[in-house]
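Scroll down for the structure; my scribbles are underneath it.
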Amino acid sequence: MAVLLFSVATLLLAATAQAQVVVSQVYGGGGNSGATLKNDFIELRNNGASAVSLDGWSVQYASSTGTTWSRTNLAGSIAPGGYYLIQQAQGNGGTVDLPTPDATGTLTLSGTAGKIALSRSTATLSGGCPLTDANLVDFVGFGSAANCFEGAAPTGTLSNTSAALRNGEGSIDTQNNGADFSVGTPNPRNSGAAPPDPPVARTIPQIQGNGLISPYVEKRVITEGVVTALKFNNGFFLQAANDDGDPATSEGLFVFTGSAPPASVAVGNRVRVTGTVAEFVPPSNPHQLTITQITGPTVEMLEAGVALPAPVELAAADLAPAALPGTLERLEGMRVSVARAVVVAPSGGSIDENDATASSDGVFHVTLPEVARPFREPGIGVMDIIPIPGDKHPPRFDTNQERLMVRSRGQVNAQPLSVDTGAEVTGLSGVLDYFSGTWALLSDPATPPTAGAGMAPRAVPDARYDEATIGSFNLLRLFDEVADGNGAVTLTPAALDKRLAKAALAICDFLKTPDILGVVEVENTRVLQLLSERIDATCASRPGYVPYLQPGNDVGGINVGFLVSSRATAGGAPRVEVLEVAQFGKNTPLANPDGSTSLLNDRPPLRLRARIHQDGAAGYPVTVIVNHLRSLNDMDDTAPGSNGWPTGGDRVRAKRAAQAAYLGGLVQQMQQADPNEKIVLVGDFNAFEFNDGYVDVMGILRGDAAPADQVLTWAASPVTTPLIDGSQLIADPAQRYSYVFGGNAQTLDHVLVNEALVMGADVQVDHARINADFGVDNFGDASVALRSSDHDPVRLAIRVPGFARADLSATVSADRASAAVGDTVSYTATVRNAGPGVAAPAAVAFVFAADVAPVLGAVAPGWTCEAPVQSGGSTRLACTTPSLASGVEAGFSLQVTVPASVAGGALGLGVSASSPVPDPANADNTAAVAVTVAALPQADLSVRLLGGAATFRRGAVATLLVPVRNAGPDSAEQVKVVLASNVEARHMAVAAPRGWSCGRAADTATGSAAQCTRSTPMASGSTQVLAFALVVPNRPKRGTVFAFTAQVESATPDPDTGNNRAQLIR
């Protein structure tokens, strides 16, 4: 509080500053019909703090477009804050005299429009607009017909009962007549009139207050602070040297000087300012917050070289999606900083059309790194001041206050920084200003920010063989070099060459030369033909575009048209066969409320009916309508309208709604006439895909218009079979935009398709990223496609079933030509698509001519394989993939163990590639390989039991011989002989020759048994004799006779097993 009291006390001791005299009122209707006052008059006001002598000064008058000046010389002085009344000619009417004038002249002023000059000389001025005269103190162009004025516009037009009154009791002077004056009832004041209250001493936070509006609007104040920035040579920023401790009140303020500030104003100077507080809104855009500023200032330097206040770092809450338009009001005019930010809208700039050059203004938009890119949302902006009737409830758009505008050269001596979307910007520091409904940081020239690389340009995908493609491109006022008086700018030959080069690069490399290209903002057929020739000369695809354009009604010489590919297909037909080109609605009227009419369609819709051909395939019929609807400009205009329209906005909205209804009606007629007609609408619709609250243009066109209470200007949709919005066919919502305006990504360039088209084909929509995200400075570079326009082009790809072709082939090989049973054979197979189109889906089947268990090794990426299935002596294994692109080869490996079932034959594998997509050459879709399998070895074994009956006496030892023979033809592997009897094991013994191994006899349920095995193969033709001895018991274990058996076997197949067993009964 001590600091605050000190600051106020200091201000109360402020010395007087240089005076400033302005023309505060002009009235030219004195004595005219309907006037009350008898005389014309001019009023002056001294907005300074000291008296000003008017000796040797004059006021001078010229007609609204005149160059001859008349004057009235002045004398005396004008007190600080006081008025000075100059009476002029008297008319024949009126009943009231002016207050006693301070000077009298005989100038006859116009009652509606003219020019008034205040000069510190009595020399008569010359010329129609002497704004640069060295003695000029102030100048007022009054009435819309005035051809000279301060700032952007003259005052409003006067009448016999109205005057031009300077705002703020005559104290507001922003050097802009249109903004500084209002038209109202004359109120002449002379030097005897009580001056307005003297300026009051207030700190900057007191002037700012804790709300959106200063509590001292139109009050004269004295304040002081440190100059923190100079802006555009029309003012400066002032910030309090001490914080008042209230976070709701800003410490900064803009002081508007209207021209270069005086020498006492330099960054780092502490100054005292006297002036009038104003809340400024640009007349060109009333739909925003006001800017608190001091106008008509006088400035006194108090101290030089003062350290600037430290910047306030903007926090996440300051630039969050939930932020309100007034969130940053508490920092208005203060020094702020942002350590890191991401560009969401590239740097703007200016374009010299006829020379095709461009320069950057260094203005771009950022968000904090963690904030998603802002998109335009449904509804009327929350700051729009347009009246909304009680029965209307349109959605409201919060205007995305997470955006921060950066004006990198917003301060004097700062340099522009050119950036593209996606770049990271670091080191932002400067003052916080406000432009076009967005808070803006004006970068400090001494510590400029730095930026990294932005996003890379991105083309649409290459078209598939089976796709027909339709594009749309706003070519940004593509004019030629011929001055033909049609309203179009005439380019220089060099500029035209540059524009053609950039457009050709964009269409060839990034839009991939669509079959049909709808173009917008083109002057004539000639420039389209030049573009076609440039594309063919520089683009490998050489589409052979044929131009189609029919002039419309646009006063600026822009039209819509087509480029249609005529390249020959393999079947000999042109790629696109044109059936009809027709323009609609060129003379259709728009009815005005006063009974007059105007043309509805500035750029009438142009319809192309065509058949797109593919090599030897039946043509694909399609109808394309290219459009360029009325712009969004002035749809929120609240100024009085013409032709009976209440406001200019009412007229614009009615026209936009009528255009949408007309185009929708055309589509409806076509769908009713032929429900199977495939229809595509392309172009710049100058409308969002949702309801903007003013007019739901796209809803009317699609057939799903917003309800009447949700939109200010409503129109019924004539479309009964709705159209599909192509933006919904873009999978990634972050890519659903074609334009960036004010930092908001949005779609203006649409593709609409009807049900008849989408029901018969797969469709995809893509934008080429070459314009909307790249700085305007790229416009003048003919070597790149970047910023060839301000709109990103869009392309629709239609997969035509009748166009599909995919030449599949299969190969297979084995790692050996022959194998034996039990060997493992490895197979390698490939499936290749030679194109020209995609095989979607694709499959491969592996069929073995045997019951096997194949094991998959390598499987191509993207393929899935089923488990093998055995059936009827064969094994099948299948693999599939959703898509096999043209020129792509898929490899597989399998391993199989050779089964015995194919011994002596071959193990065959067949491979077959397939797809539902037609194959123009299917003879190579199958392949086979066979591996020869060796026959199995054979060994014909036999066994006998030899022994006499005489030896079988009780207690005697009986010996049986067991000869085993291999009759061949091959050796017998792992020979085994089993000897059995019905005698207990304790009575038995066995013996065998070298190479055999016999186990002891063991009891069994019926007797006993012993087994002998051979450790080495038994050669073909050999005989081996084993012995079987026993002590004959009293009786057998089972039965009444002695029984003996011998059984021989081996691992080698035996062709005759009938002699492999022998039996002896005793």
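I need the full set of residues from the range 1038-1054 which are assigned to a strand (DSSP E or B) and under 13 Å from residue 1018 (Cα atoms), in order please.
Going residue by residue through the range 1038-1054, those that are assigned to a strand (DSSP E or B) are 1043-1049.
Once the filter is applied, which keeps residues that are assigned to a strand (DSSP E or B) and under 13 Å from residue 1018 (Cα atoms), the range 1038-1054 yields 1048, 1049.
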Could you say whether any residue in the range 795-803 is surrounded by fewer than 19 Cβ atoms within 10 Å (Cβ to Cβ), touching a helix residue (DSSP H, G or I) at 6+ places or on another chain (Cβ under 6 Å) and either part of a helix (DSSP H, G or I) or modelled with pLDDT of 95 or more (or both)? no
Condition first: under 19 Å from residue 958 (Cα atoms) and in contact (Cβ under 8 Å) with a residue 40 or more places away in the chain. Can you find one or more residues in the range 993-1003 that meet it? no
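Hey, among 421, 438, which residue is crowded, with 18+ Cβ neighbours inside 10 Å, under 30 Å from residue 763 (Cα atoms) and among the hydroxyl-bearing types (Ser, Thr, Tyr)? Let's see the steps before the verdict.
Numbers: 438 fails: under 30 Å from residue 763 (Cα atoms).
Exactly one of 421, 438 is crowded, with 18+ Cβ neighbours inside 10 Å, under 30 Å from residue 763 (Cα atoms) and among the hydroxyl-bearing types (Ser, Thr, Tyr), namely 421.
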Only residues that are buried (at least 18 other Cβ atoms within 10 Å of the Cβ) and either among the charged types (D, E, K, R) or within 20 Å of residue 68 (Cβ to Cβ) (or both): list them for the range 144-163, please. 146, 148, 149, 150, 154
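Out of 106, 72, which single residue is assigned by TED's automatic domain parsing to the domain that holds residue 172, part of a strand (DSSP E or B), without any contact (Cβ under 8 Å) to a residue 40 or more places away in the chain and over 16 Å from residue 20 (Cβ atoms)? Before the answer, list the steps.
Values: 106 fails: part of a strand (DSSP E or B).
Among 106, 72, only 72 is assigned by TED's automatic domain parsing to the domain that holds residue 172, part of a strand (DSSP E or B), without any contact (Cβ under 8 Å) to a residue 40 or more places away in the chain and over 16 Å from residue 20 (Cβ atoms).
Quick check: is even one residue across the range 201-208 of a type outside the set (Lys, Arg), under 30 Å from residue 331 (Cβ atoms) and over 45 Å from the mean Cα position of the chain (by Cα)? If you could, list the steps in order and put the result at the bottom.
Residues of the range 201-208 of a type outside the set (Lys, Arg): 201, 203-208.
Next, only the ones that are under 30 Å from residue 331 (Cβ atoms) stay: 201, 203-208.
Right, trim to over 45 Å from the mean Cα position of the chain (by Cα) and you get 201, 203.
So far as the range 201-208 goes, yes, one or more of its residues are of a type outside the set (Lys, Arg), under 30 Å from residue 331 (Cβ atoms) and over 45 Å from the mean Cα position of the chain (by Cα).
Select, from 474, 524, the only residue that is assigned by TED's automatic domain parsing to the domain that holds residue 611 and without any contact (Cβ under 8 Å) to a residue 60 or more places away in the chain.
On the way: 474 fails: without any contact (Cβ under 8 Å) to a residue 60 or more places away in the chain.
Residue meeting the stated conditions: 524.
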Take residue 38 and tell me if it is crowded, with 16+ Cβ neighbours inside 10 Å, over 16 Å from residue 186 (Cα atoms) and modelled with pLDDT of 95 or more. no
Filtered residues of the range 662-683 (kept if surrounded by fewer than 20 Cβ atoms within 10 Å (Cβ to Cβ) and hydrophobic (A, V, I, L, M, F, W, C)): 666, 670, 673
Quick one: residue 108 ticks every box in (1) surrounded by fewer than 22 Cβ atoms within 10 Å (Cβ to Cβ); (2) modelled with pLDDT under 95 except a single one, so which number is it? (2)
Look through the range 55-84, keep the residues that are of a type in the set (A, V, I, L, M, F, W, C) and out of contact with any Phe, Trp or Tyr (no Cβ under 6 Å at 6 or more places or on another chain), and return whichever of them is farthest from residue 192 (Cα to Cα). 69
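Report whether or not residue 989 is more than 60 Å from the chain's Cα centre (by Cα) and surrounded by 16 or more Cβ atoms within 10 Å (Cβ to Cβ). Step through it out loud before you land on a result.
Numbers: more than 60 Å from the chain's Cα centre (by Cα): yes; surrounded by 16 or more Cβ atoms within 10 Å (Cβ to Cβ): yes.
Answer is yes for this residue.
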Among the residues that make up the range 673-687, is at least one of them touching a residue at least 40 places away in the same chain (Cβ under 8 Å), touching a His at 6+ places or on another chain (Cβ under 7 Å), assigned to a loop (DSSP other than H, G, I, E, B) and closer than 18 Å to residue 630 by Cα? yes
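Would you say residue 98 is hydrophobic (A, V, I, L, M, F, W, C) and in a loop (DSSP other than H, G, I, E, B)? Talk me through it step by step, then tell me what you get.
Numbers: hydrophobic (A, V, I, L, M, F, W, C): yes; in a loop (DSSP other than H, G, I, E, B): yes.
It is true that residue 98 is hydrophobic (A, V, I, L, M, F, W, C) and in a loop (DSSP other than H, G, I, E, B).
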Under 8 Å by Cβ, and 6 or more places apart or on different chains, what pairs join a residue from the range 749-776 that is of a type in the set (Lys, Arg) with one that is assigned to a strand (DSSP E or B)? 769/458
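So, in the range 56-77, of the ones that are within 55 Å of the chain's Cα centre (by Cα) and of a type outside the set (A, V, I, L, M, F, W, C), which residue ends up surrounded by the most Cβ atoms within 10 Å (Cβ to Cβ)?
Here is the first cut: in the range 56-77, the ones within 55 Å of the chain's Cα centre (by Cα) are 62-67.
Checking the rest, the ones that are also of a type outside the set (A, V, I, L, M, F, W, C) come to 63-67.
Values: 63: 18, 64: 20, 65: 13, 66: 15, 67: 14.
Here the answer is 64.
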From the residues in the range 622-650 that are in contact (Cβ under 8 Å) with a residue 24 or more places away in the chain and in a helix (DSSP H, G or I), which one is surrounded by the most Cβ atoms within 10 Å (Cβ to Cβ)? 649
Quick one: in the range 593-615, of everything that is surrounded by 18 or more Cβ atoms within 10 Å (Cβ to Cβ) and hydrophobic (A, V, I, L, M, F, W, C), which residue is farthest from residue 559 (Cα to Cα)? 612
Here's a check for you: in the range 337-346, which residue that is surrounded by fewer than 22 Cβ atoms within 10 Å (Cβ to Cβ) and hydrophobic (A, V, I, L, M, F, W, C) is nearest to residue 209 (Cα to Cα)? 339
Scan the range 864-880 and tell me whether some residue there is under 22 Å from residue 814 (Cβ atoms), out of contact with any Leu (no Cβ under 6 Å at 6 or more places or on another chain) and free of Cβ contacts under 8 Å to residues at least 12 places away in the same chain. yes
Can you name every residue in the range 829-867 that is assigned to a strand (DSSP E or B), over 15 Å from residue 925 (Cα atoms) and either not hydroxyl-bearing (Ser, Thr, Tyr) or not assigned by TED's automatic domain parsing to the domain that holds residue 920 (or both)? 836, 848, 855, 856, 857, 858, 859, 865
If I filter the range 344-363 for residues that are at positive phi and touching a Leu at 6+ places or on another chain (Cβ under 8 Å), do I get at least one hit? yes
Looking at (1) under 24 Å from residue 243 (Cα atoms); (2) in contact with a Lys or Arg (Cβ under 9 Å, 6 or more places away or on another chain), can you tell me which one residue 296 breaks? (1)
In the range 206-225, is there at least one residue being assigned to a loop (DSSP other than H, G, I, E, B), touching a helix residue (DSSP H, G or I) at 6+ places or on another chain (Cβ under 7 Å), surrounded by 19 or more Cβ atoms within 10 Å (Cβ to Cβ) and touching a residue at least 12 places away in the same chain (Cβ under 8 Å)? yes
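For (1) assigned to a helix (DSSP H, G or I); (2) more than 24 Å from the chain's Cα centre (by Cα), each residue gets a yes or a no:
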| residue | (1), (2) |
| --- | --- |
| 695 | no, no |
| 698 | yes, no |
| 706 | no, yes |
| 715 | no, yes |
| 727 | yes, no |
| 731 | no, no |
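Would you check if residue 141 is touching a Lys or Arg at 6+ places or on another chain (Cβ under 9 Å), in the same structural domain as residue 54 (by TED's automatic domain parsing), surrounded by 23 or more Cβ atoms within 10 Å (Cβ to Cβ) and closer than 14 Å to residue 25 by Cα? If you could, list the steps in order and put the result at the bottom.
Details: touching a Lys or Arg at 6+ places or on another chain (Cβ under 9 Å): yes; in the same structural domain as residue 54 (by TED's automatic domain parsing): yes; surrounded by 23 or more Cβ atoms within 10 Å (Cβ to Cβ): yes; closer than 14 Å to residue 25 by Cα: yes.
Yes.
Tell me the strands (runs of 3 or more DSSP E) entirely within the range 991-1033 that contain at least 2 residues that are within 21 Å of residue 938 (Cα to Cα). Give the derivation first.
Numbers: elements: 996-998, 1008-1014, 1023-1031.
In the range 991-1033, the matching strands (runs of 3 or more DSSP E) lie at 1008-1014, 1023-1031.
The values are calculated or read from the model by the stated rules, or taken from the named source; none is laboratory data. These numbers were taken from a predicted model, which means no experiment stands behind them. With ideal geometry, Cβ positions are generated from the backbone for all residues, glycine too; neighbour counts draw on all protein chains shown.
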